[in-house]
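The structure's right below; bear with me while I get my questions together.
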Amino acid sequence: MFCILIQAQNKIDLSYYLPQNTTYNQNIPTPESVIGHQVGEWHVTHDKLVQYMYSLANASDRITIENRGKTFEDRPLLLLTITSPKNHQRIDAIRDSHIAATENNPINTANMPIIVYQGFSIHGNEASGANAGLLVAYYLAAAEDDTINKLLDNVVILFDPSFNPDGLQRFAYWVNSNKSINLNPDPNDREYREVWPGGRTNHYWFDMNRDWLPVQLPESRARIATFHKWLPNILTDHHEMGTNSTFFFQPGIQSRTHPLTPKINQELTKRIGNFHAKALDKIGSLYYTEEDYDDFYYGKGSTFPDINGGIGILFEQASSRGHIQESDNGILTFPFTIRNQFTAALSTLDAAKNMREDILNYQHNFFKNARIEAAKENGKAIVFGDEKDAAKTYHLAEILKRHKIKFHGVKQDFTIKGKHFKKGYSYIVPKNQKNTRLINAMFEKRTTFQDSLFYDISAWTFPLAFNLDYAEDISTNNAGAEITNLQHKNGKISGHSNYAYVMEWHEYYTPKVLNKILNKDIRAKVALKPFSLNGKQYDYGTILVPVQNQLLDTSNLNKFLTELAKESHVQIDAVSTGLTHGIDLGSRAFKTMTKPKIALLVGEGISSYDAGEIWHLFDTRYDITVTKLDTKSIGRSDLNRYNTIIVPNSWSGLNENNTKKIKTWIENGGTLIAYKNAVKWVNSKELAKLDFKKMERTAKNITFEQRSNYKGAQGIGGAIFEAKIDRSHPINFGYKNDKISLFRNTTIFMKADKNSYNNPIQYTKKPIISGYISKRNLDSIGSTVPLQIKKLGKGRIVAFTDNTNFRAFWYGTNKLLMNAIFFREEL
Ligand SMILES: [Zn+2]
């Protein structure tokens with residue numbers, strides 16, 4: 001049995017995959033004729049996949065192809081549009097009438113094609129999807145019979161052959177380079193054990209299947225643009241799961257469906273599921289539904305469409321990971337996994353064709369009902385902004401723009417509920433508009449839930465993630481003109497000075513400016529206290545650049561700072577006197593800063609997600625160079641090159657030798673910043689004494705069957721919490737309010753210090769603002785602290801239990817990390 005299978009795998013041909021009751025156009029190149037191997041024999045690399053897609057598009061009048069942009073590693077983000085040649089000739093008209101049916105227009109579904117967006121392998125090491133994509137595209141281009149003609153007449157397929165090109169390439173390199181001629185299904189073989197960080201994520205190690213709502217990454221940006229351009233009726237997302245599983249298709253766990261998703265969505269998902277079941281029955285493949293996964297977080301590919309009038313479908317295939325692997329279901333071959341994905345892709349299209357009118361009507365009604373809801377809120381709006389941070393405000397507005405949500409400027413400055421909304425620093429989102437449901441999904445705070453388990457985070461309230469002021473239910477009378485051409489606020493310098501320049505610290509990109517100043521060996525100081533000068537208030541953390549005794553002369557310094565202000569969108573003020581109200585510019589309360597030299601620990605033992613978020617933040621937002629120091633290189637690296645080392649969330653901490661080396665480095669003056677689980681390592685190795693709340697738990701009236709749900713409900717999967725802050729502490733410089741919101745997904749609760757001045761950030765008594773937390777955990781977290789700063793020798797340790805850089809869209813707490821770095825000597 002073993003041998004036959006292994007041989008069969010080597011001799012696989014197209015007939016294993018493709019429907020045999022049809023003929024195939026000889027003028028259409030097979031995958032093998034272009035990529036040089038049969039599908040499933042090797043893992044297709046992304047460059048070969050691109051080559052094949054272009055060859056198909058060249059050969060077939062059913063396919064057009066476009067490149068929508070590129071990944072961080074410069075790979076193209078392709079989209080194929082596949083439909084009948086007749087439909088291609090009027091493709092713009094088809095799109096126009098499809099979108100018109102979601103507006104306030106009557107619908108005539110008789111001759112309307114249905115739009116299906118098919119995407120593959122958003123997790124790069126779940127490769128059966130993208131490899132199946134070669135076959136799906138070939139079949140759609142080459143098959144010749146009534147079935148395919150009817151299908152292509154009735155369906156427009158937006159075909160996204162690789163959701164994650166960089167991850168797919170990284171994974172293909174790994175498995176192909178570890179493949180033996182004699183395939184070895186032993187799970188211990190290196191082929192099945194990728195090295196850190198693996199191929200799941202993109203270049204900066206993001207899970208891209210969490211970015212459909214925040215749209216912070218280039219891959220998502222291209223995809224979301226296509227989504228809103230077409231508003232597909234069905235969107236499929238082909239994944240892999242554990243090797244011992246079978247095949248999963250949605251619907252997922254019903255009690256965890258987001259309440260803003262209409263019930264009919266799940267009913268239609270179920271009906272579509274019948275087509276998958278029938279097709280998989282036919283090839284003898286096992287599958288299951290409804291017991292796993294959910295449609296709660298709208299940032300996932302299979303859930304995002306559900307709040308946009310479409311139907312998202314998740315597929316999960318048991319992974320062979322490499323080419324062949326032992327499993328509970330016998331030998332699992334890569335071709336077998338590809339065939340299941342191929343089959344599900346075709347059954348999706350079959351369902352789309354057969355349910356076309358029902359699904360088109362569903363979408364039409366989705367928007368019709370949304371309009372009715374929206375009309376009830378006519379005149380109402382949401383306002384958000386930060387009178388001291390235009391950039392952060394801009395970046396939230398940018399997300400709205402990507403989702404085609406309309407917003408306005410404010411007519412004039414106004415104050416509501418104690419919050420001041422300043423023109424140029426605030427936007428107003430009217431509730432009465434097409435995407436009102438999406439607006440609710442982005443802005444709502446939710447703390448009651450039907451279920452206590454979540455596949456992913458339970459809250460993502462955007463204005464909280466950005467730590468912006470906001471108010472709901474305000475009047476649209478405050479709205480100015482609609483913003484159709486969103487612009488970053490211009491940065492500028494107020495003039496030329498022979499004395500000094502000052503810059504408040506609130507704007508998002510000030511760390512970028514400060515880093516460039518320090519790196520040019522220009523002396524800069526930070527104000528530990530507020531002051532006012534020329535009638536303007538300057539808050540804690542204002543940066544001072546004296547003009548005299550610098551490496552640049554007066555005019556070159558002005559030129560340099562002018563450039564920085566412009567490129568970083570900040571305001572720098574020229575001042576001509578040191579005499580202020582409050583601390584004068586020569587005061588001891590201005591501290592000279594030194595440039596940061598930063599190492600970021602990466603590699604085995606470190607969470608690649610958390611490390612990648614930090615790398616991405618420094619590299620793409622602040623232009624700050626960080627050394628990615630691999631945990632296995634600590635021993636042979638000279639740590640004295642760095643004054644700051646960041647330890648992202650870490651499962652295991654560091655070994656004895658590395659810990660010892662880092663301890664000595666701290667004692668000599670280094671600043672160690674540790675996140676989440678790494679703070680436990682800090683405590684256990686006595687780098688700092690931290691006091692944790694012990695969490696003991698005894699199950700009562702919980703059956704054996706209920707035990708895993710019971711345990712799961714005690715976790716914090718991701719929710720938003722409120723803390724009060726001491727604005728006079730340097731860790732909080734640049735925050736203008738006395739409270740901030742924090743994202744947390746751990747149950748590490750640190751007790752507050754007995755001296756209040758050592759608790760610059762402290763959770764309020766009942767700190768949950770949005771998301772799920774068990775009552776027990778809520779009782780435990782109240783009045784604890786997410787941050788402790790401890791001295792060790794000449795250095796210090798900054799311990800964060802929360803993630804300040806979550807998934808690139810938590811702009812609101814990035815500054816805490818920046819403060820820990822730039823003001824480290826004042827902590
Ligand atoms: Zn996946």
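The values are calculated or read from the model by the stated rules, or taken from the named source; none is laboratory data. Please read these numbers as outputs of a predicted model, since none were measured by experiment. Note: ideal-geometry Cβ built from the backbone for every residue, glycine included; neighbour counts use all protein chains shown. Surface accessibility is based on the protein's heavy atoms, side chains included, excluding ligands, DNA and RNA. Shrake-Rupley method; radii C 1.70, N 1.55, O 1.52, S 1.80 Å.
Given a 1.4 Å probe, how much area per residue of region 1-140 is accessible, in Å²?
43
Hey, got the dipole for region 703-827? About the Cα centre, +1 on K and R Cβ, -1 on D and E Cβ, debye to the nearest 20?
160
From the residues Q169, S555, Y757, which one has its Cα farthest along the dipole of the chain in the positive direction, the dipole being from +1 and -1 charges on Cβ of Lys/Arg and Asp/Glu about the Cα centre?
Farthest towards the positive end: Y757.
For an R0 of 35 angstrom, estimate the FRET efficiency from the Cβ-Cβ distance between N27 and K270 and round to the nearest 0.05.
0.30
For an R0 of 51 angstrom, estimate the FRET efficiency from the Cβ-Cβ distance between A93 and N490 and round to the nearest 0.05.
0.80
Same structure again: Evaluate the charge dipole of the chain about its Cα centre and quote only its size in Debye, nearest 20, assuming +1 on the Cβ of each Lys and Arg and -1 on the Cβ of each Asp and Glu.
3080
Check the straight Cα-Cα distances from K86 and name the aspartates and glutamates below 17 Å, setting aside those fewer than 8 residues away within the same chain.
Those aspartates and glutamates meeting the cut-off are D61, D96, E144, D145, D146, D153.
How much FRET efficiency would the formula 1/(1 + (r/R0)^6) give for Y173 and N58, where r is the Cβ-Cβ distance and R0 is 30 Å, rounded to 0.05?
Step by step, r from the Cβ atoms, then E = 0.65.
Related question: Find how many whole Å separate the alpha carbon centroid of region 582-626 from the alpha carbon centroid of region 115-164.
The two parts, judged by their Cα centres, are 44 Å apart.
In deg cm²/dmol, rounded to 500, what helix-only [θ] at 222 nm does the chain give when every DSSP H run of at least 4 residues adds -39500 (n - 2.57) and the total is split over its residues?
Rounded to the nearest 500, it is -9500 deg cm²/dmol.
Sticking with this structure for a sec: Taking the chain on its own, what percent of its Cα-Cα pair distances exceed 53 Å?
Counting every Cα pair in the chain, those more than 53 Å apart make up 16 percent.
With every protein chain kept in place and ligands, DNA and RNA left out, what is the accessible area per residue of region 288-398? Probe 1.4 Å, answer in Å².
With the other protein chains kept in place, region 288-398 gives 25 Å² per residue.
Taking all protein chains in place and a 1.4 Å probe, what share, in percent, of the accessible surface of the chain do carbon and sulfur account for?
Looking at the chain in its full context, I get 46 percent from C and S.
For a quick check of understanding: with a 1.4 angstrom probe and all protein chains in place, what accessible area in square angstrom does K566 have, to the nearest ten?
Its heavy atoms expose roughly 120 Å² to the probe.
First check a/c for region 135-251, with a ≥ b ≥ c the square roots of the eigenvalues of its C-alpha gyration tensor; if it is under 1.5, answer rounded, and if not, answer prolate when a/b is larger than b/c or oblate otherwise.
oblate
What's the magnitude of the charge dipole for region 1-119 around its Cα centre, counting Lys and Arg as +1 and Asp and Glu as -1 at the beta-carbon? Answer in Debye, nearest 20.
For region 1-119, the charge dipole is close to 140 debye.
What order do you get for 703-711, 324-332 when each peptide is scored by the mean count of other beta carbon atoms within 10 Å, highest first?
324-332, 703-711
Of Q20, H506, N184, whose Cα points farthest to the positive end of the dipole of the chain (charges on the beta-carbon: +1 Lys, Arg; -1 Asp, Glu; origin at the Cα centre)?
Most positive-ward Cα: H506.
Moving to a separate point now. For region 61-109 and region 205-254, what is the separation of their Cα centres, given in Å?
18
Would you mind counting up the charge near T303? Only other residues with Cβ under 12 Å from its Cβ, with Lys and Arg at +1 and Asp and Glu at -1.
My count for the surroundings of T303 gives -2.
With unit charges on the beta carbons (Lys and Arg positive, Asp and Glu negative) and the dipole taken about the Cα centre of region 735-827, which residue among F822, T746, T804 sits farthest to the positive side?
Toward the positive end, the furthest listed residue is T746.
Solvent-accessible area of K520, probe 1.4 Å, all protein chains present, reported in Å² to the nearest ten, please.
Using a 1.4 Å probe on the heavy atoms, I get roughly 100 Å².
Give me the accessible area of V136, 1.4 Å probe, in Å² rounded to the nearest 10.
Accessible surface of V136 is approximately 0 Å².
Obtain the nm distance between the two label points defined at S15 and N104 by a simple spin-label model: each point lies 7 Å from its Cα along the Cα-to-C-beta direction.
Using points 7 Å along Cα→Cβ, the separation is 6.0 nm.
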